[in-house]
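Participant: What follows is a structure written as structure tokens; I'll ask about it next.
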Ligand SMILES: *Cc1c(COP(=O)(O)O)cnc(C)c1O
């Protein structure tokens with residue numbers, strides 16, 4: 001049985017009539033830019049995310065860019081972000097003319113390592129941009145303590161973590177800005193590109209709203225140079241249908257993640273970090289750090305390189321890549337998020353070389369397998385069996 005990495009069919013079919021009605025409503029109104037659907041979506045998001053301001057934007061990438069623009073960053077400024085993340089995190093920094101300074105991540109949570117952040121602070125550092133990768137929060141207390149000590153802003157890249165909590169608080173509400181994405185593969189997936197910017201600061205919210213519309217205030221008068229970063233009314237209308245369901249999606253993903261962890265442990269293939277004997281098994285299973293409500297945008301294994309688990313496979317061979325090929329051969333969807341850390345990307349080759357050993361290791365070990373809410377137990381059993389077969393052949 002083939003198992004897709006992600007299927008949106010069931011989720012979208014379940015509400016198909018409500019989506020059709022939303023589409024008809026927007027078509028009927030001819031209000032395609034801003035308007036009531038956008039306002040309603042933004043208000044609903046402030047409630048869901050427990051934050052004062054929510055600003056609908058064109059994508060998660062544009063949410064990041066808009067946050068950086070609202071804070072006025074540019075040439076000469078340095079912003080620290082993890083090297084192990086999706087490209088948009090570092091790309092948005094570079095697009096403002098500021099310099100992205102890459103820091104290393106934690107080998108268990110995959111999130112920004114606060115100790116390494118502190119090492120990379122210079123007198124040009126202006127902000128820290130943690131990413132809540134795969135759906136769980138970075139170590140925000142430690143990051144905010146560093147930011148306070150050095151008078152830095154904090155911008156959360158929460159693109160993969162809409163609805164996740166850190167010590168009871170929604171991510172995106174615990175720093176200067178939160179940036180979210182409704183790319184279709186995110187937990188709250190839209191029907192195209194869309195994003196959201198959140199903040200509790202009235203002044204920053206005002207600035208971001210103006211910059212979202214070409215820096216225009218009042219109409220056709222521009223003191224600032226902004227862009228077109230608006231969310232489509234149609235996206236907002238469709239997301240208004242899906243938003244009330246988000247907690248249910250996360251809960252279903254969490255159940256699927258717990259089942260995988262149980263089954264991989266039972267099969268003797270892996271344990272979570274800190275459990276006795278975890279070092280000796282071929283897989284390190286993902287887990288939520290203390291204080292985190294993980295929303296499992298991805299369920300990401302660490303497939304340890306053979307040398308690390310005492311195999312006789314040749315030095316330098318990548319077990320993860322072999323397992324990926326095996327799963328693909330069996331029709332099981334899986335993906336490597338991400339194979340090249342940002343400091344190794346060609347477009348950043350001109351930056352000073354940096355030593356980021358954990359990011360480099362994770363780029364060779366991370367493998368995400370299907371965890372979407374509608375995944376069935378039978379499909380999960382199939383995935384586990386295919387992985388067990390791979391290690392039995394070794
Ligand atoms: C998806 C994602 C983004 C970008 O979001 P888009 O809506 O695709 O522009 C940024 N950062 C991270 C970590 C992401 O996963």
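Read-outs: derived from the displayed coordinates by stated rules, not from any lab. Here the structure is a predicted model, which is why all the values come from computation and not from measurement. Heads up, the Cβs are rebuilt from the backbone with ideal geometry, glycines too, and the neighbour counts pull from every protein chain shown.
Participant: Output the residue which, of all residues in the range 124-143 that are under 28 Å from residue 75 (Cα atoms), assigned to a helix (DSSP H, G or I) and under 19 Å from the mean Cα position of the chain (by Cα), is nearest to the ligand (Cβ to nearest atom).
Facilitator: For the range 124-143, the residue satisfying everything is 133.
Participant: Check whether at least one residue in the range 261-276 is closer than 30 Å to residue 195 by Cβ, out of contact with any helix residue (DSSP H, G or I) (no Cβ under 6 Å at 6 or more places or on another chain) and surrounded by fewer than 19 Cβ atoms within 10 Å (Cβ to Cβ), and report yes or no.
Facilitator: Within the range 261-276, not a single residue is closer than 30 Å to residue 195 by Cβ, out of contact with any helix residue (DSSP H, G or I) (no Cβ under 6 Å at 6 or more places or on another chain) and surrounded by fewer than 19 Cβ atoms within 10 Å (Cβ to Cβ).
Participant: Give me the pairs, please: first residue somewhere in the range 50-61 and touching a residue at least 12 places away in the same chain (Cβ under 8 Å) and more than 20 Å from residue 91 (Cα to Cα), second residue anywhere and in a strand (DSSP E or B) and within 15 Å of the ligand (Cβ to nearest atom), beta-carbon distance under 6 Å, and either six or more positions apart or on two chains.
Facilitator: That search, which allows pairs on different chains as well, returns 51/198; 54/196; 54/198; 55/197; 56/196.
Participant: Can you tell me which condition residue 198 does not meet? The list is (1) surrounded by fewer than 24 Cβ atoms within 10 Å (Cβ to Cβ); (2) farther than 23 Å from residue 103 by Cβ, and all the others hold.
Facilitator: Only one criterion in (1) surrounded by fewer than 24 Cβ atoms within 10 Å (Cβ to Cβ); (2) farther than 23 Å from residue 103 by Cβ is unmet by residue 198, namely (1).
Participant: On to the next question. Output the number of the condition that residue 191 fails; it satisfies all remaining conditions of (1) within 12 Å of the ligand (Cβ to nearest atom); (2) over 17 Å from residue 294 (Cα atoms); (3) part of a loop (DSSP other than H, G, I, E, B).
Facilitator: Of everything listed in (1) within 12 Å of the ligand (Cβ to nearest atom); (2) over 17 Å from residue 294 (Cα atoms); (3) part of a loop (DSSP other than H, G, I, E, B), residue 191 misses just condition (1).
Participant: Being in contact with a strand residue (DSSP E or B) (Cβ under 7 Å, 6 or more places away or on another chain) and within 17 Å of residue 39 (Cα to Cα) is the filter; apply it to the range 216-233 and report the residue that is farthest from the ligand (Cβ to nearest atom).
Facilitator: Ranking the qualifying residues of the range 216-233, first place goes to 233.
Participant: In the range 199-215, how many are in a helix (DSSP H, G or I) and in contact with a strand residue (DSSP E or B) (Cβ under 8 Å, 6 or more places away or on another chain)?
Facilitator: 7
Participant: In the range 277-292, which residues are surrounded by 15 or more Cβ atoms within 10 Å (Cβ to Cβ) and in contact with a helix residue (DSSP H, G or I) (Cβ under 8 Å, 6 or more places away or on another chain)?
Facilitator: Listed by number, the residues that qualify are 281, 282, 283, 284, 285, 286, 287.
Participant: Within the range 48-107, track down each residue that is closer than 18 Å to residue 215 by Cβ and near the ligand (Cβ under 10 Å from one of its atoms).
Facilitator: Scanning the range 48-107 gives 57, 58, 62, 63, 64, 65, 92.
Participant: Working only within the range 74-99, note down all residues that are over 16 Å from residue 147 (Cα atoms), in contact with a strand residue (DSSP E or B) (Cβ under 7 Å, 6 or more places away or on another chain) and touching a residue at least 40 places away in the same chain (Cβ under 8 Å).
Facilitator: Listed by number, the residues that qualify are 83, 84, 85, 89, 90, 94, 99.
Participant: Related question: Is it true that some residue in the range 169-184 is over 21 Å from residue 7 (Cα atoms), surrounded by fewer than 19 Cβ atoms within 10 Å (Cβ to Cβ) and free of Cβ contacts under 8 Å to residues at least 24 places away in the same chain?
Facilitator: No, the conditions are met nowhere in the range 169-184.
Participant: Looking at the range 24-57, which of its residues are more than 21 Å from residue 199 (Cα to Cα), within 28 Å of the chain's Cα centre (by Cα) and surrounded by 15 or more Cβ atoms within 10 Å (Cβ to Cβ)?
Facilitator: Once the filter is applied, which keeps residues that are more than 21 Å from residue 199 (Cα to Cα), within 28 Å of the chain's Cα centre (by Cα) and surrounded by 15 or more Cβ atoms within 10 Å (Cβ to Cβ), the range 24-57 yields nothing.
Participant: Which of the residues belonging to the range 92-123 are under 15 Å from residue 355 (Cα atoms) and in a helix (DSSP H, G or I)?
Facilitator: 115, 116, 117, 118, 119
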